[in-house]
Structures are given as structure tokens and as C-alpha cells.
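Below: the structure, in C-alpha cells.
The values are calculated or read from the model by the stated rules, or taken from the named source; none is laboratory data. In this text the structure is predicted, and so the values were computed from the model without any measurement. Neighbour counts are summed over all protein chains in view; Cβ atoms, including those assigned to glycine, are modelled from backbone coordinates with ideal geometry.
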Amino acid sequence: MKISKNPFVDLYVTEHVSAEKFVRIFSPILVEDSQTHMLFQPGNVILTGLQGSGKTALLNLLKPEVFVAYFKSDVEWPLPSHCAKFISAGINLARSSAIDFGQRQVKQGDYDQEKIIALYFADFINYWIVDDLLNTIDIFRTEDEASAYLGLRIESDLLDMFAAELSKNKCWLGGLESVNSYSALKEKIAARIASYRDFLNFNSELPTDIQVSKTSPGEPISIVAELLRNHHIIPEELPIFIKIDQFENLMGLEKEEDGSFSGLFRSTIMKFIGTRDERVSYRIGARPYSYYPDFSMYGTDTSVEEKRDFQRLDIGNLLSRKEARLSLFPKFCNDIFARRLNEAGIKLNTEKRSATSQVFGKRASPSDKAKDYVKNNFQAIFKLPTDWPNESKIFLIDLAERDPLSAKLGEAWIMQRIAKKQPRFSFAEIAERPWDQANRTWWKKERIQQALLQISARRQQRMKWYGADDVIALSGRNVLVFLTINQFIWSEYLRTGKTLDQIGTESMPNSIQDMGIQEASAFWFRKIKADPNGGDDRHRFINVLGSFLRTKLREDSRMSYPGANGFSLSEKDLGENLFVTGFLDRCEAYGVLETVKHTPKSKSRGQSRKWYLFSILSPYFQIPNPHTKEPFYANVDDVQHWLAEAKVISTSDNTFPQTKRKRTLKNIDQKDLFDERK
Amino acid sequence: MIRDDATFRPWGSLSAVFSNAPRDNWSCIGAISTEERSTALFEKFCEDYQFERTMFFKLVPSHSWHVNQATELTNRNCDKIIDLGLEEEDILPHNLDAPFGDYSVGIDRFLEELEFDNLIVDITAMPKRLFFYIIKKILLPETRISNIVVTYTEPRDYGVGALAENPRAWAALPSFLGPRRVPAENKIVIGIGYEPLGLPELVSTGEFEGSQISLLFPFPSQPDRVAKNWKFARDLFPNIDTDVVSISRVDGTNVPEIFDAIGRVGDYGDIQLMLAPFGPKPVSLAMALYASKYSNGDLSTSVFYTQPTVYNPNYSLGVKEIDGVPVINSYCIRMNGVNNY
């Protein structure tokens, strides 16, 4: 059978596919880490991760449709038995229109507009979640075996009794009056949601009965859970999980004129989890930047506390390498990759060799990449000063024919030595290639990528990326990037006229991989513009920054600053310039920059943070992606200069100094080959 | 010639349309921006007629590197329209990025208090989220307006570089949320324009997966504008799968024709449509008219957009003129109390 459909054509597959297909393609690697098991056990959890980290896939495991699909299929439930019994309901704050509360004005007596709108917001969420919980009951109603496994008793008379008692509960403040059957209950709730949607859609005002029956955050949900248990519809011990996803979207509702965020809607959500109510457990899906410092709860003076009121599960942390623990990410990628290919009809035996390395092969050695860039014009990789002794030049050119990478490093080594004005050195010393010797391992390792950049630039060749390791490294612990890279690689492959069934008998040509990676990188760069909250600003900024960093690396012939594919700012500078801090934070939040804390060499700078381009952007800007050596030590002036050049701020802004000091790399404390501290 | 089964939907130049329109009792809703053309309708109309009541939104630019220039141009146009006779208290300043509720309060109050028979809605400088909402409101049966004309002034040219930037997230325009549960059979209609505003990335990340997509391509047009439109289309679908995507060429100013083109895709309300108004204003007007008409029930039309928050101060340049007369396209959408669409 000839297969010609791209297995990676759909990037966000877990959001769109049927439950049956989800079961086949879901990767259980993430849930191999026991930390993730907290999602399937009682207790509130805030699940954080950037776009494409796998957050939605994990939360989808809680869906009743997926639970039933696992139950019916021959695929084993991916979690241990103590994480295999629950029911769930939830709300997606973006898709449900809950975020539209920020757009409407409400006038109600003398009450403060913000307070009133937060109350309606909570009431809407209550009704939406209760509606979804009843939908869950309805799903299991027709699934006898799954229902029996969970111990559910979904019988009409029980449901009617439950509905009648529920409607009388004070928590509704009369909102469910006259309901005496399960079907009437569902109709009443649906009607209230419809009224809210009309209101949010600017089609009508809220009816009076809603105005006088706003429910408290979370209370009706807990009452529903309690009564479902009291009426033996669900067993006493069965956990009920309530998902609230897209928490970060609430920030858009809270933006004040001065650019700060009021926290109003997020504090309302905190009220749901802060009541220490054990009848239900909440799962809040959020991007890391949507946290706010004090976790205060709406309408109270108190805050929710991590460990006491909720636990936090950070997917980015799970996928990172930690001292003694290997990163889960390569394994995660390989599993997803094999499942996608399997779904497309390509069966690979992954017992001895991972799926990605079978298809993409090994990453080329730096030495081979250098030879690839050089082709035949060996002399062209150098910019040798005319006053150098001829024998040194001849030696390097001769070496370049056999090992251009070593020759380029040798050029830098000699330049560093001359610049340091150290005692003259002899040709015999050069002929021994000290830069290649064992005691210079780190010096060499830190400069290999910069040397490759300079060789490719001198030869006017594009840097190349291919091989399984490159594909995974460029994905930057983000599964969406991994899928995007694959989508472009496989498109290029299919464009050559080949069909997928040939994969397995032959690996993907390197040139195809490289083309796909370059395309994916360009796509990711374009995609920056599409993100809200200043996408075009970030797009222009990264263009300026990426070009700046490349120029720095390319023109640094001595390779004194090989870590200049990133930059550092001191925490002190960041604290004093909130605009710059906020902008860089948004760059991180939208997957444009990556940041880590670090301790700079110069103690006077104090604790600092360093930023790198998001890995997948490296091919577009032709910058090496490994983060080695010290970054470029910038100050706020530098960043403001980039911001002004990118037209994020005006040069006439007060925040931007009219006369900017000349910034060079010379004044940075960097150790090099001759540094005695080595 | 008007077909027997077609509704008479007059449109044309301002002078042609008003040659047969009532002379008195006209009110106007408009918007003042950085664009010179934003005052053209008021200026031209007031040469021969008089507005009884007016409301113009002053679109206060959001923070950007060119906010000073944008503010200066907007203020200049405000001063100009006041000099032409608009009362200062009829200008409502609102930040471009303000919550929509700030605008809707003004619109609702204006329409509630309207005592005059006839209304012009000048959409020339209006952001889409504004005029879509206004169109829906004024076409409601209970609105006591006999005649409604929508006007759109063409520019002499468009600016260079990006015309609009920093889009908001993909979201429904106010009042066009569509049904809570989208039916299995649904289609998407995209108006092709100049600025994709993140739309290609939405397409490539599967947002429209499983839906039939129709592109409304403005043609004929000036060659440079056609080239921009093709670039937009290619950005959306580098390799068009004709089983999924179809292209309809429409006259970018002929609102009745565009309305019918959309109607054929959506079977005039029998198929649920999601409209994406990225094309020229008249194409978006046709979308607003269609979505307003088919806006109830499980098949109600939704309109989604990535509303920009920053506009190029030189979005357009000057006013297009023919024989010294500004080109102000005018569309009768209600005549003698009967909606034409």
C-alpha cells in the first residue's frame, strides 16, 4: 500500500480527534512520572505548561468520553489502578465565552461594576460546570459496563429524586425553583446558560431572575456532588474532578490602563479552590505566566496556599533534566513519533533503536558539518591577518583541507594569544594544535558551534540541522514544536514524490530534514505575529535581537564570547525597569524566548537572568542553539535600544536615553584560553 | 435589470443614492480616526443636507511607537469635522483597545434616543467589532428607522508596510458568537484582504480542520491590490486542496453580489456558517448583513476575527476622487421600513 498522507498534518490532534483515536495516539510517557498521578487522585491541582507542552492531552484523559473509549478498547488505561476510577466535568474558559465577561458593562444599583461582574462570572461557571457534570452522567447512562465498573447507579427515579432535592437547596437562591425532575433540571440550567450567552453576546441584558440569584463560587458544584452521592447515583468514595482550563485567558480581562492586571477574575477562580471543600477536586489548566503573586481569593482577605489548598504540577519541569534525572522529553517525542507513524501505517520496531533515530539517523559530527560547509574552497574559511607568519597561514590552510573545524579553531586560538600580548610563541607550538589537546577540551567544546557558524558564514552557506538529536533539541521541550518540525519535514519528503512506505527501509535524507527544519523555523518566526498581547511587537523585537546575536557571534573572530547566543540582565536592572521586565516576560510566555536564572561571573552584577531565543528560532537566525559559556552581558540600555530599533517603543519615549553609550564586548569579564582560572 | 426573484438593493455613489432618497431627518453614526477619509462623508453630505443628530466615535490610538503621530492625525481630523459643523459633544472618545461595553453603551443609547426617520452609518473608519454590532442592532425589526444607508469612502491609496498590527486572540465579534454547539455540517467563509493578522497560523494549526472553506476574493481590482490578495491567499493555503477550499471572485464593492455569494455557500441560513471578515470593508459589510439576518437558533452565523489593536497612522492616504467628487459608496440596507437584505 502506498501511503502519501503526511502523518503530522494535524498539529493539535488531541483537541480535535475522537475519543477512540485519542486512545490510540495518546502517549503514556508523561504519566509514567508519578508526579502526574496527582491529577487522578483527590485534591486540587494547578497544572501549568506553555502552549504545546502536552497540558491539554493530560487533561483530556479526565474526559468521560475518553474514559469510556479506553474501557471499550484493547488499549490499557495508562495509569495505575488507584488512578483509574473517577468522573469529571469542566469548563474551557475561552471556548465557553466566560472570558467575554470582561467586555460587558453591568449597571446594578450602586454596586461596584467590577464586583458585580465577578459575581456573574462565578455564577456562569457554576452553572456551566453543573451542566457538564450532568452531561457526564448522561454519557455513563448508556455505558453499562463502564458505569458498573465505577459503581454508578444511573436510574431515572434516582435522578428525578436527586433533581427535586437539588432544586430546593438554598445554594441556588431560588434559581432552580419549580424543578421537579431530572429533565426539567437540565432544561432550567440550559436556559440559564443561554441567557448568559445572550448577555455576553450583547443581545440582551440579564433577566431579573438571574440578577437576584447569583450563586457563590463553587457552592452549587459541591452540593450537586454531595446529592449525587446521597442518592447513591455515584459511590461515596468516587472522586469528582472539575477542570477549569485556559486560566491564562483571564489576564486579558484584567488589564488596566497602566498595563497592570487587576487579578479580579483569577481571584474568583481561586475562590473555587480555596474553600477546602473535599466533595470535589479542581484541576486548573494554566500557563506559567498567569500565576499572580499572592493567590488572593475574590471578596476575602485571605489567599490560597500551595501545598495546603492545592498542589502544582509543572509539565515544563517534568520534561526538564534535573541533576540526577534524565529528561523525559526525548522518550516522549519518540513515543509520539512512533504512534503517529503507526497510525499512518508505518510500523517500526523500536525495541533496539528509537523511532526518531531510525528515521532521521544520527546527528552529523561537527567535523563533518564543517566539511559540508567548506566544500572545496578551504582558504575561504579564514580571515587571516596579513602580518601573520606565512608558515602559520600555510599550516592552517593545509589543516583546513583535512579538518576545517580544527583549522578554524586554530585561527581563533592564535588570535586570542596575540591579543593577550603573551610571549611570542613558535610555529612548533602551533603545529602541535594545542586547541585540540585534552587539557583544552572545554575551550574547544564551547567554541565548536561558533566555529561552525563562522565557517558557514565565510562560505556563504546556510547552517544545517538534521538527525534525531537535532530534531529533538530544536523542539525545546515543546511537543507542539516537535510536531511542527515533523510536519514540515514530512511535507518536504512527500514533495519529492516518495511515499511513506519507503521509510523504514531507508532513512530520511539529511537535505530533506534540513529543508523541513528551516521551514518550520521560519513558520515559528511568522507565528509570533499571530499571538495576542503584542505579537507584532515581539516579532520585530526578536528579528532585531536575533540579528544582533548572530552578528556578535560571526564577527567575534577570536571566539572570545562563544556564549553570545543569549544575553543576561541583572535582577537589579529588571526590578528598576518594569516595562522591559514585562516585555521580556511576555516573550517567554509566548514561546519566543527562554529564560533561566544564573549567577554571573562579576559579583557586582548580582543575581541575574539570561535569555535565549526559543530553540526552534535558531535555524531562522542561523544561530547555534546549545547554551554554553557566558551570555552577552547586557544592560537595560541595550534592551531599550533593541526595543526602539524594533519599534516597540518610540525613540522619543522618556524611558529611552537619547545618547546611548557605545556598547562593546570588551569590557565583559570572560575567561578564555589563557585565563589562569581555567 | 432586476431579476423577478431578486430584492431591489440600491447602491452606488452618494449622489446617485440620495437623488431618490428623502432629503430630511437624517442622523449619522461614524468614526474618526487617523485617516483623512474618515471625515469625507460628513463633509460631502453637509454640502447639500443637514444631520439632525450625530454620534462619532473618536478612536484614541493604543500605545505603540507611533502613538504620537497617530494621536496628532486623529486630533487633526476631529478639529476638521468640528470646523465642518459637528458638535463637540457628539464626539465620543474611546481607546481602540477598550472593552466593547464602552462602545455598546453609547451605541445603544444613541439608537434608543433616535427620533428621526433616517440613518447613515459611515463605516469608513470603523473597526469591524463596531460596525458589525451596529448593523445587527439597526436591522432589528423593533428599530424605528425607515431608511438606512451605509457609506464607505474609498481612499486614494493605502499606506506602505503593515496596515494593522498586534491582533487580539481569535474570537467572536460582539453579538456574533454563533451556536453553543456547532453542527457537524458547517462551513467557513474567509474574506481575502491585505493583512492576515495571524489567520494563516490558525489554519496551519488545525483550527478549521474538518470544515469546508470558501475564500471571497475581490476581483477585479488594481494590480498591486490583487497581488496583495494573492499573497494573503497563498499565506493561508500554500497548496490549496480544492476538495476543501473553494475560491469565489466577487466585486469588492458590490455588496448585494457578495451577500448572495455568501448566501449560496450557507444555503441562505440552512448551513451554519462561520464568517472571517479579513477582506475589504464592503465584503465585511455583506458578511455583517448576512450574519445579522441569519442569527437565530442552532444554525446562527458566527463571525470570528483577530481584531488588531494598533493601526498604521498612514493606513490610507487621501480620498479617492472621480471628476473631483469623492468616491463614497452608499448602500441602502433598509428602505421604507423594509430590510433589503
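Take the conditions (1) outside the structural domain of residue A:592 (by TED's automatic domain parsing); (2) of a type in the set (S, T, N, Q); (3) surrounded by fewer than 22 Cβ atoms within 10 Å (Cβ to Cβ); residue A:557 misses just one of them, which is (1). Screening segment B:133-166 for residues that are within 11 Å of another protein chain (Cβ to nearest Cβ), of a type outside the set (D, E, K, R) and over 17 Å from the mean Cα position of the chain (by Cα) and picking the one that is farthest from residue B:295 (Cα to Cα) gives B:161.
For segment B:172-187, which residues satisfy the criterion of being more than 8 Å from every other protein chain (Cβ to nearest Cβ) and in contact with a strand residue (DSSP E or B) (Cβ under 9 Å, 6 or more places away or on another chain)?
B:173, B:178, B:179, B:182, B:183, B:185, B:186, B:187
Among the residues of segment A:474-496, is there at least one that is under 23 Å from residue B:196 (Cβ atoms), aromatic (Phe, Trp, Tyr), buried (at least 20 other Cβ atoms within 10 Å of the Cβ) and within 14 Å of chain B (Cβ to nearest Cβ)? For segment A:474-496, residues under 23 Å from residue B:196 (Cβ atoms), aromatic (Phe, Trp, Tyr), buried (at least 20 other Cβ atoms within 10 Å of the Cβ) and within 14 Å of chain B (Cβ to nearest Cβ): present. Taking helices (runs of 4 or more DSSP H) as the structural unit, those lying wholly within segment A:298-363 and holding at least 1 residues that are of a type in the set (Val, Ile, Thr) and farther than 30 Å from residue A:243 by Cβ correspond to A:355-360. Annotation note: Cβ proximity below 6 Å between a residue of segment A:168-183 that is aromatic (Phe, Trp, Tyr) and a residue that is at pLDDT 95 or above (sequence gap 6+ or interchain) occurs for A:182/A:159; A:182/A:160; A:182/A:163.
With respect to residue B:57, determine if the residue is on the phi < 0 side of the Ramachandran plot, modelled with pLDDT of 95 or more, of a type in the set (Phe, Trp, Tyr) and not in a strand (DSSP E or B). No; evaluated as a whole, the condition is false for this residue. Just a yes or no: is a residue in segment A:252-275 closer than 22 Å to residue A:171 by Cα, assigned to a loop (DSSP other than H, G, I, E, B) and of a type in the set (Lys, Arg)? No, every residue in segment A:252-275 fails to be closer than 22 Å to residue A:171 by Cα, assigned to a loop (DSSP other than H, G, I, E, B) and of a type in the set (Lys, Arg).
Applying a threshold of 9 Å to beta carbon distances and a minimum spacing of six or more residues, or different chains, the list of pairs starting in segment B:195-215 at a residue that is closer than 13 Å to residue A:523 by Cβ and ending at one that is in a helix (DSSP H, G or I) and polar (S, T, N, Q) reads B:204/A:484; B:204/A:487; B:205/A:484. Residues that are free of Cβ contacts under 8 Å to residues at least 24 places away in the same chain and under 25 Å from residue B:195 (Cβ atoms) within segment B:99-142 comprise B:99, B:102, listed in sequence order.
Per-residue answers, yes or no, for (1) out of contact with any helix residue (DSSP H, G or I) (no Cβ under 8 Å at 6 or more places or on another chain); (2) in a helix (DSSP H, G or I); (3) not assigned by TED's automatic domain parsing to the domain that holds residue A:86:
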{"residue": "A:214", "(1), (2), (3)": "no, no, no"}
{"residue": "A:217", "(1), (2), (3)": "no, no, no"}
{"residue": "A:229", "(1), (2), (3)": "yes, yes, no"}
{"residue": "A:234", "(1), (2), (3)": "no, no, no"}
{"residue": "A:237", "(1), (2), (3)": "yes, no, no"}
{"residue": "A:244", "(1), (2), (3)": "no, no, no"}
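If the condition is being free of Cβ contacts under 8 Å to residues at least 24 places away in the same chain and under 24 Å from the mean Cα position of the chain (by Cα), then segment B:83-97 contributes no residue at all.
So that you can scan it fast, the table gives a plain yes or no per residue for (1) in contact (Cβ under 8 Å) with a residue 12 or more places away in the chain; (2) part of a loop (DSSP other than H, G, I, E, B); (3) away from chain B (no Cβ under 14 Å); (4) within 25 Å of the chain's Cα centre (by Cα):
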position: A:528; (1), (2), (3), (4): yes, no, no, yes
position: A:538; (1), (2), (3), (4): yes, no, no, yes
position: A:543; (1), (2), (3), (4): yes, no, no, yes
position: A:546; (1), (2), (3), (4): yes, no, yes, yes
position: A:558; (1), (2), (3), (4): yes, yes, yes, no
position: A:568; (1), (2), (3), (4): yes, no, yes, yes
position: A:573; (1), (2), (3), (4): yes, no, yes, no
position: A:581; (1), (2), (3), (4): no, no, yes, yes
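Between B:189, B:203, the distinction of being closer than 16 Å to residue B:170 by Cβ, among the β-branched types (Val, Ile, Thr) and at pLDDT below 85 belongs to B:203 only. Screening residue B:167 with (1) touching a strand residue (DSSP E or B) at 6+ places or on another chain (Cβ under 9 Å); (2) within 21 Å of residue A:11 (Cα to Cα) gives one miss only, at (2). Of all the numbered requirements in (1) modelled with pLDDT of 95 or more; (2) assigned to a helix (DSSP H, G or I); (3) of a type outside the set (Val, Ile, Thr), residue B:112 misses one, and that requirement is (1).
Of the listed requirements (1) within 14 Å of chain A (Cβ to nearest Cβ); (2) surrounded by 17 or more Cβ atoms within 10 Å (Cβ to Cβ), residue B:190 misses just one: (1).
Quick grid of which residues meet (1) closer than 30 Å to residue A:643 by Cβ; (2) free of Cβ contacts under 8 Å to residues at least 60 places away in the same chain; (3) surrounded by 17 or more Cβ atoms within 10 Å (Cβ to Cβ):
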{"residue": "B:48", "(1), (2), (3)": "no, yes, no"}
{"residue": "B:53", "(1), (2), (3)": "no, no, yes"}
{"residue": "B:64", "(1), (2), (3)": "yes, no, yes"}
{"residue": "B:74", "(1), (2), (3)": "yes, yes, yes"}
{"residue": "B:80", "(1), (2), (3)": "no, yes, no"}
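The selection criterion, being within 14 Å of chain A (Cβ to nearest Cβ), in a helix (DSSP H, G or I) and under 15 Å from the mean Cα position of the chain (by Cα), holds for residue B:130.
Here's the yes/no breakdown for (1) under 18 Å from residue A:132 (Cα atoms); (2) more than 39 Å from the chain's Cα centre (by Cα):
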| site | (1), (2) |
| --- | --- |
| A:161 | no, yes |
| A:180 | no, yes |
| A:183 | yes, yes |
| A:208 | no, yes |
| A:212 | no, yes |
| A:223 | yes, no |
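Find the residue count for segment A:502-527, including only residues that are among the charged types (D, E, K, R) and buried (at least 19 other Cβ atoms within 10 Å of the Cβ). Residues that pass the stated criteria total 3.
When the residues of segment B:56-103 are filtered to those that are touching a Gly at 6+ places or on another chain (Cβ under 7 Å) and more than 10 Å from chain A (Cβ to nearest Cβ), the one that is farthest from residue A:100 (Cα to Cα) is B:56. Listed conditions (1) outside any strand (DSSP E or B); (2) away from chain A (no Cβ under 12 Å) are all met by residue B:209, apart from (2). Scanning segment B:34-80 for residues that are of a type in the set (S, T, N, Q) and in contact with a helix residue (DSSP H, G or I) (Cβ under 6 Å, 6 or more places away or on another chain), we see that the one that is nearest to residue B:160 (Cα to Cα) is B:34.
The residues of segment A:154-197 that are surrounded by 15 or more Cβ atoms within 10 Å (Cβ to Cβ) and charged (D, E, K, R), listed by number, are A:160, A:186, A:188, A:192, A:197. Evaluated against (1) more than 30 Å from residue A:420 (Cβ to Cβ); (2) touching a Leu at 6+ places or on another chain (Cβ under 8 Å); (3) more than 14 Å from chain B (Cβ to nearest Cβ); (4) not β-branched (Val, Ile, Thr), residue A:524 falls short on exactly one condition, (3).
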